[in-house]
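Participant: Structure below; questions to follow.
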Amino acid sequence: MKPVKRMTPDELRRLQLLQTELLREFDRICRLHGIKYIIGSGTLLGAVRHQGFIPWDDDIDVEMLREDYEAFLRAAPGELDKRMFFQDRRTDRRYPWLYGKLRMNGTSAVRQGQEHLKMHSGVFIDVFPRDPVPNSAAGKRVFEFAAKICRKILYARVMRVSAPTALGRLGWTAVSLIPAAVPFGVERLLRGSVNGARASRVRSYGYHGRYETEGYDKRWFTELTELPFEGGSYYAPASWDSYLSFVYGGDYMTPPPESERVGTAMLSSFYF
C-alpha cells in the first residue's frame with residue numbers, strides 16, 4: 001500500500017476549486033429539473049462557519065432522498081458537462097460503493113489502498129442517496145447489521161490487496177469471492193422493505209456511524225433554504241442548526257485543535 005501523499009496549500013486549493021466546479025454543475029442540473037439535494041456534513045459546516053470550505057477540508061458531500069438521486073441519474077446523461085462523469089454501480093461496473101460520485105475527467109485522486117481498483121478515479125464529490133429506516137430502535141439495529149455486512153463484502157475488494165498482513169489479505173480475499181451483486185441486492189431489499197411514507201428518518205446504507213444507524217430527520221432533505229459556499233448559493237436544510245448539532249454537537253461553531261485540522265481524503269496519488 002502506498003503512503004499518503006500530502007498536498008501543498010496550493011494543491012489543496014486547486015483541488016477545492018475543482019470540487020466546487022463539480023458542485024456548481026451538480027446544482028445546475030438539480031435546479032433545471034426540480035431535484036432537491038442538500039450540502040451535508042463538513043460541507044454544510046463549512047458553509048455555516050466559513051461560507052466555503054473548512055480551510056483544511058478536501059472533499060464535498062451532497063445528500064438527497066432516493067427519489068431525487070434517481071431523478072439526477074436520469075437527467076445526467078443529457079445534461080452533464082462532458083468534462084464530468086457520474087459514477088455509481090450502474091455507470092461503472094468496477095465501482096464498489098453503495099453511493100455515487102461526480103468525477104472530473106482527465107484528473108486523478110486515488111485513495112490510499114485503492115490503487116489496484118480499475119475504476120474511474122478522477123477528482124470527485126460524494127453524492128449520498130438517503131433511504132427510509134424503520135421507526136423502531138430494534139429495526140434500525142437489524143438494518144445496520146445487514147448494511148455493515150454489505151459494506152464489508154464490498155470493502156473486501158480493497159483489503160484483499162491492502163490489508164497489512166498476509167493472513168488478513170487471505171481472509172479478505174475469501175470474502176471478496178462473494179459476488180458484488182449480493183450486497184447490492186441486499187441493499188435494494190433493505191431500502192425496499194420500509195414504507196417511505198411512514199418513515200420519519202432516512203440514512204445512507206453505504207456509510208456507517210451512529211448518525212446513520214439512527215437516521216437523519218427526513219425533513220432536512222425536503223424543507224430547504226440556501227447558504228453561501230465559495231461564491232455560490234446551494235441548497236441546505238432549513239433547520240441546518242439541528243442537522244449540525246445532530247452530527248457535530250452543539251459547539252460545532254468552535255474549530256477543533258490545530259492538531260486535528262486535517263483532511264479525510266487520504267490520497268496516495270493525484271494530478272489535476
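Participant: Is segment 13-87 rounded, prolate or oblate when judged by the Cα gyration tensor, a ≥ b ≥ c being the square roots of its eigenvalues, rounded requiring a/c under 1.5 and prolate requiring a/b larger than b/c?
Facilitator: Since a/c reaches 1.5 but b/c is at least a/b, the shape of segment 13-87 is classed as oblate.
Participant: Hey, another quick one. Filter the chain for me: DSSP H helices, axial length by Cα at least 24 angstrom, mean Kyte-Doolittle hydropathy not below 0.0. List them by residue number.
Facilitator: 137-162
Participant: Same structure again: Provide TYR248, TYR205 in ascending order of the number of other Cβ atoms located within 10 Å of each residue's Cβ, fewest first.
Facilitator: Least crowded to most crowded, the residues run TYR248, TYR205.
Participant: Considering only VAL158, PHE72, LEU22, whose Cα is most displaced toward the positive end of the charge dipole of the chain, charges sitting on Cβ of Lys, Arg (+1) and Asp, Glu (-1)?
Facilitator: The listed residue farthest towards the positive side: VAL158.
Participant: Something else now. Let me confirm the definition first: pairs of Lys residues in the chain, 8 or more apart or on different chains, C-alpha distance under 25 Å. How many are there?
Facilitator: The result is 20.
Participant: Which one of SER121, PRO96, THR213 is farthest out on the positive end of the charge dipole of the chain, using unit charges on Cβ (Lys, Arg +1; Asp, Glu -1) and the Cα centre as origin?
Facilitator: Ranked along the dipole, the leading option is PRO96.
Participant: Under 4 °C and 1.567 mPa s, how fast does the chain diffuse according to Stokes-Einstein, given a Kirkwood radius computed over C-alpha pairs? Answer in µm²/s, whole number.
Facilitator: The calculation lands on 67 µm²/s.
Participant: Let me ask another. Would you mind ranking SER121, SER136, SER233 by Cβ crowding within 10 Å, fewest neighbours first?
Facilitator: Taking fewest neighbouring Cβ atoms as first place, the list is SER136, SER233, SER121.
Participant: Normalised by the residues of segment 114-272, what does the relative contact order come to in percent, with Cα pairs under 8 Å and at least six apart?
Facilitator: Over segment 114-272, the number comes to 21 percent.
Participant: With the Cα gyration tensor of segment 75-175 giving a ≥ b ≥ c as the square roots of its eigenvalues, does the rule (a/c under 1.5 for rounded; else a/b larger than b/c for prolate; else oblate) give rounded, prolate or oblate?
Facilitator: Taking the square roots of the gyration eigenvalues as a ≥ b ≥ c, segment 75-175 is oblate.
Participant: Here is a further query. Kindly identify segment 151-215 as rounded, prolate or oblate by the Cα gyration tensor criterion: order the square roots of the eigenvalues as a ≥ b ≥ c, call it rounded if a/c is under 1.5, otherwise compare a/b with b/c, prolate if a/b is larger, else oblate.
Facilitator: Taking the square roots of the gyration eigenvalues as a ≥ b ≥ c, segment 151-215 is oblate.
Participant: For segment 32-72, what's the radius of gyration and Dmax over Cα atoms, in angstrom?
Facilitator: Answer for segment 32-72, Rg first and Dmax second: 11.9, 33 Å.
Participant: With runs of 4+ DSSP H residues as the only contributors, calculate the mean residue ellipticity of the chain at 222 nm using -39,500 (n - 2.57) per run, divided by the residue total and rounded to the nearest 500.
Facilitator: -13000 deg cm²/dmol
Participant: Not counting the cut sites, what is the longest span of the chain without trypsin sites (Lys or Arg not before Pro) that DSSP labels loop and that have at most 13 other Cβ atoms within 10 Å?
Facilitator: No qualifying site falls inside 119-197, the longest such stretch.
Participant: Let me ask something else about it. By how many nm would the segment from SER242 to LEU167 lengthen if fully extended, with 0.36 nm per residue of separation less the alpha-carbon distance?
Facilitator: Gain on extension, SER242 to LEU167, equals 22.5 nm.
Participant: If you don't mind, another one. How much length would be gained if the chain were fully extended between SER233 and VAL186, taking 0.36 nm per residue of separation minus their Cα-Cα distance, in nm to one decimal?
Facilitator: Value of the extension gain: 13.2 nm.
Participant: What does the charge add up to near ARG13, with Lys and Arg as +1, Asp and Glu as -1, over the other residues with Cβ less than 12 Å from its Cβ?
Facilitator: -4
Participant: Relative contact order for segment 7-130: what is it in percent, counting Cα pairs under 8 Å that are at least 6 residues apart?
Facilitator: Relative contact order of segment 7-130: 27 percent.
Read the figures in this text as sums done on the coordinates, not as results from a lab. What you see is a predicted model, and the numbers here were worked out from it, not measured in a lab. Don't worry about glycine lacking a Cβ; one is built from the backbone with ideal geometry, like all the others, and counts go over all protein chains shown.
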